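Inspection log for the structure reproduced underneath, given as structure tokens.
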Amino acid sequence: MNKTELLIWLRAEYQHWEEFLDHIGPERMEVPGVNGDWSMKDMVAHLTCYQPWVTARIQAAAHGDPGPLPPWPAELQTDDEVNAWIYESNRGRSVSEVLDNARQMFHQFFAVIENLPEDVRIEEVQHKGRMFYLVWLGEQRFQVGEIFDHFRDDHEADIRAWLAGLESQ
């Protein structure tokens, strides 16, 4: 896979993401129950919170600079602690703020990938019938589709079940 093919794949994944959010619709974004008390707005904030850090790390590695620290407080050690911090940091934001921020974050990510060298090393790894793409910058590797993989592997089934429940009412 080359960089152009990777960008085509990433943009197609993003298009599916946007279509999924459009199907949910803004009127259901704050309905709780997606994951415990979390709404879809909370889930979007959760899924997209890590991506600016990943983007900044890729950009730093491309320039040979040290990567930035995570955006959450250093004393948070477990995924549950980080996820609680993400929820608390975003729950007061409006749906439009969260969605606009997510869209801006994706566009920044695509710009960073576009600016990588044409001959950037991209490794294709097949695992459990799925393909994962790793971008290598020096000795560092980045799973560039991680946000989409995390959505599919850890949250999509629960979100679809929540949505089906809403639609059956």
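Taking (1) under 18 Å from the mean Cα position of the chain (by Cα); (2) acidic (Asp, Glu); (3) modelled with pLDDT under 95 in turn, residue 18 satisfies each apart from (3). In the set (1) closer than 17 Å to residue 55 by Cβ; (2) touching a residue at least 12 places away in the same chain (Cβ under 8 Å); (3) loosely packed, with under 15 Cβ neighbours inside 10 Å; (4) not β-branched (Val, Ile, Thr), the condition left unmet by residue 133 is number (3). Looking only at residues in segment 15-61 that are hydroxyl-bearing (Ser, Thr, Tyr) and open to solvent by less than 30 Å² (accessible area, probe 1.4 Å), the one that is nearest to residue 114 (Cα to Cα) is 55.
Condition check: open to solvent by 60 Å² or more (accessible area, probe 1.4 Å) and under 25 Å from residue 45 (Cβ atoms). Does residue 108 satisfy that? Answer is yes for this residue. In segment 22-66, the qualifying residues are those that are small (Gly, Ala, Ser) and in a helix (DSSP H, G or I), and the one that is farthest from residue 143 (Cα to Cα) is 45.
Looking at 169, 104, 126, just one residue is among the polar types (S, T, N, Q), assigned to a strand (DSSP E or B), on the phi < 0 side of the Ramachandran plot and out of contact with any helix residue (DSSP H, G or I) (no Cβ under 8 Å at 6 or more places or on another chain), and that residue is 126. The combined condition, being outside any helix (DSSP H, G or I) and surrounded by 17 or more Cβ atoms within 10 Å (Cβ to Cβ), is fulfilled by residue 116. Residue 69 satisfies every condition listed in (1) hydrophobic (A, V, I, L, M, F, W, C); (2) open to solvent by 90 Å² or more (accessible area, probe 1.4 Å); (3) in a helix (DSSP H, G or I) except (3).
The values are calculated or read from the model by the stated rules, or taken from the named source; none is laboratory data. Computed from a predicted structure; not experimentally measured. Counting neighbours? That spans all protein chains shown, and the Cβs are built from the backbone with ideal geometry, glycine included. In case anyone asks, the SASA skips ligands and DNA or RNA and just uses the protein heavy atoms, side chains included. Shrake-Rupley method; radii C 1.70, N 1.55, O 1.52, S 1.80 Å.
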